[in-house]
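Here is the structure we will look at.
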Amino acid sequence: MNERFISFEGIARRYPAPDGGTSTIFENLWLGVPKGEFVCVIGHSGCGKTTLLNILAGLDAPSEGVVLVDGREIGGPSLDRAVIFQGHALLPWRTVLGNVAYAVSSRHPRMSKAEVEEHARRFIALVGLQGSEHKRPAELSGGMKQRVGIARALSIEPKILLMDEPFSALDALTRGSLQDEVRRICRETGQTVFMITHDVDEAIYLADRVVLMTNGPGAMVAETVVNPLPVDRERTDLHKHPAYYPLRNHLIDFLVTRSRTWRDAIPADHDPRRPPVVRPSIPAPAAAAAASETAVQSEMLRNIA
Amino acid sequence: MNVSIGVRSSVLSALILVVFLLAWHIATRGTTAGGPPMDPEYAKLMGITATTGKSAMPGPLDVGAKLFEHLRKPFYDNGPNDKGIGIQLGWSIARVAAGYGLAVLLAIPLGFLIGMSPTISRALDPFIQILKPVSPLAWMPLALYTIKDSGASAIFVIFICSVWPMLVNTAFGVASVRKEWLNVARTLEVGPWRRAFTVILPAAAPTILTGMRISIGIAWLVIVAAEMLVGGTGIGYFVWNEWNNLSITNVITAILVIGLVGMVLDQLLARAARAVTFPE
């Protein structure tokens, strides 16, 4: 059960096309996400990754197939699945505290006002916004707004956190520090995360597993890539790890060419129900060089293997 | 030139007022000299204004004196044709409040419905489009015939003229609530009533208030005309009655007071609009 905590089971999404027919975003899509994993979906714009996330959020419904969460079919939005939106989607007439408290009181309708506030403050502090509780979204920077969005999503203590390119509108520096924070919080709480991104480096840093989607329309899950980097990775020396470049090259290679060409030459043994799991291998010379280095690094390598 | 724009504009305003009052004063000052001597019979017939050469148009000083007199005793009541301006204004404001209040009660819930349901919106659109441009006074005979009460008819006319801007603005405001805010409510499993009051209403409030502000302006315009027709009480009736008395001074005084009250009503709504506006 834990291996398929989230399970997309043969889902399709079709829209009526202007010419009277239907256009298929994707069909027969199968994907499982284990509990406690951080999964990133990458693919080009228009491949249907946001549709996939909206279906999982319950904001959109599949034309075919079902999505199971924890063994049960989802039938709409749920407090068990919190969404961090691409544009922060804060309610501008509410303060920071008001926005988070709104979510808390939706989760716990019977909580007293003081309890709701106390609970909300805890999550505002978690994203480092204490002192800004009474500011309105318009008074906050883009990064701070997204922090509030994160606090709001976490405050309902969801089973799954859904993120739709949450950092794409931020500058590089802010994006980095927010990624650090999200990673820290998700690791501390063992949160299951389903995130959409088109930023390869973001996926490498955050994800335990990267799902590669081919170009739409008629997008498919080409493969899922297991992130070989150690769990306790640091942003600063990520690139020193011998598995870093093989992984990065593999992802970039997919985005640049294979996402386009993959469909023309689908491997004969490709089973849409079980997309292949790929572990980018460390090239032999690099592995040898790494092995001869410090004990710490060989320890890291053993972790990968 | 370190004077702030506020001071500069106030000085200019005062200057314009002074120039206007002076021009008015000079224009209406009597021209005693000149002209051939008048036949005493004729002079007697025409009364004092014609014989002194003074216009029936009052000067600013006359109007000022009249205004002061009205303000000193705004609520006197010497029978149906001689009531203080305060009483007349009170009647008008009460009628506007009643008609406008009824319009709010209908237009905002109905506007919500139209804004939330594209089907209802399309279904009601032809009716709104046809009824909206009708002058509210065109409803007057119909109202008088069906309601059979002139006071209630005036209230109905106010109602019918204030309903449209509020209805259209509420529907527009509700329909254009950002999808992402609605999605936030959906993912938080917020029920329809709570969603209406905690997401849609605050998001649409600035647009709704804009409609309410337009409506109160129209209502105040229309009440004067409506009261001229129905008669009896109210500031509109006062203006018409003073015209029949040929008291231009009172007419001008009333114009001034109508303007002031209209401004106050508008400012009240403007303040309410500012209170619900949120910066994005």
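With the charge dipole of the stretch B:78-196 set up from +1 on Lys and Arg Cβ and -1 on Asp and Glu Cβ about the Cα centre, the Cα lying farthest toward the positive end among the listed residues B:ALA152, B:GLN129, B:ASN169 is that of B:ASN169. Taking GluC sites (Glu not before Pro) as exposed when DSSP calls them loop (any state but H, G, I, E, B) and at most 14 other Cβ atoms lie within 10 Å, what is the longest stretch of chain A free of them, the sites themselves excluded? Here the longest run is A:1-233.
Can you tell me how chain A classifies by the Cα gyration tensor, rounded, prolate or oblate, using a/c under 1.5 as the rounded cut? Oblate, since a/c reaches 1.5 and b/c is not below a/b.
Prolate is the label for the stretch A:208-280, because a/c, from the alpha-carbon gyration tensor with a ≥ b ≥ c as root eigenvalues, is 1.5 or above and a/b exceeds b/c.
Would you please classify the overall shape of the stretch A:88-157 from the alpha carbon gyration tensor, given that a ≥ b ≥ c denote the square roots of the eigenvalues, rounded means a/c under 1.5, and beyond that prolate means a/b larger than b/c while oblate covers the rest? Prolate. A compact globular protein would have a Cα radius of gyration near 2.2 N^0.38 Å; the ratio found for the stretch B:59-145 is 1.73.
Considering the stretch B:111-174, its Cα convex hull presents a mean projected area of 4.4 nm². A Förster radius of 60 Å, combined with the Cβ-Cβ distance separating B:ASP266 from A:ALA125, puts the computed FRET efficiency at roughly 0.85. On the beta carbon distance between B:ASN245 and B:ASP125, with R0 = 41 Å, the FRET formula returns roughly 0.30.
Taking every C-alpha pair closer than 8 Å and separated by at least 6 residues, the mean separation divided by the residue count of chain A gives a relative contact order of 22 percent.
Each Lys and Arg Cβ is given +1 and each Asp and Glu Cβ -1; about its Cα centre, the protein assembly as shown then shows a dipole of about 800 debye.
When the charge dipole of chain B is built from unit charges on Cβ atoms (+1 for Lys and Arg, -1 for Asp and Glu) and taken about the Cα centre, the candidate among B:LEU201, B:PRO60, B:SER9 whose Cα reaches farthest toward its positive end is B:LEU201. Rounded to the nearest 5, the antiparallel percentage of DSSP beta bridges internal to the protein assembly as shown is 50%.
Each residue of the stretch B:203-280 gets 77 Å³ once the volume of the Cα convex hull is shared out per residue. Sites counted here are trypsin sites (Lys or Arg not before Pro) in a DSSP loop (not H, G, I, E or B) having no more than 13 other Cβ atoms within 10 Å; the longest part of chain B that contains none of them is B:149-280. Ranked by the mean number of other Cβ atoms within 10 Å of their residues, highest first, the peptides B:106-113, A:209-216 fall in the order A:209-216, B:106-113. The base-10 log of I(q)/I(0) for the stretch A:114-200, evaluated at q = 0.11, 0.19, 0.24 Å⁻¹, reads -0.30, -0.90, -1.38 [Debye formula, identical scatterers on Cα atoms, solvent excluded]. Its Cα gyration tensor gives the stretch B:85-273 an equivalent ellipsoid. The semi-axes, each the square root of 5 times an eigenvalue, are 37, 18, 12 Å from largest down. For the segment A:85-92, counting C-beta atoms of other chains within 10 Å of every residue's C-beta and taking the mean gives 5. Shown is the FRET efficiency for B:VAL19 and B:LEU105, computed with R0 = 45 Å from the Cβ-Cβ distance and rounded to the nearest 0.05: 0.45. The value of relative contact order for chain B, using C-alpha pairs under 8 Å at least six residues apart, is 20 percent.
The value given for the protein assembly as shown is a Kirkwood hydrodynamic radius of 30.2 Å, derived from the mean inverse Cα-Cα separation. A Cβ-based charge dipole, computed about the Cα centre of the stretch B:85-273 with Lys and Arg at +1 and Asp and Glu at -1, lands at about 580 debye.
Laboratory data are not the source of any read-out in this text; all were calculated from the coordinates shown. Here the structure is a predicted model, which is why all the values come from computation and not from measurement. Note that each Cβ is placed from the backbone with ideal geometry, even for glycine, and that neighbours are counted across all protein chains shown.
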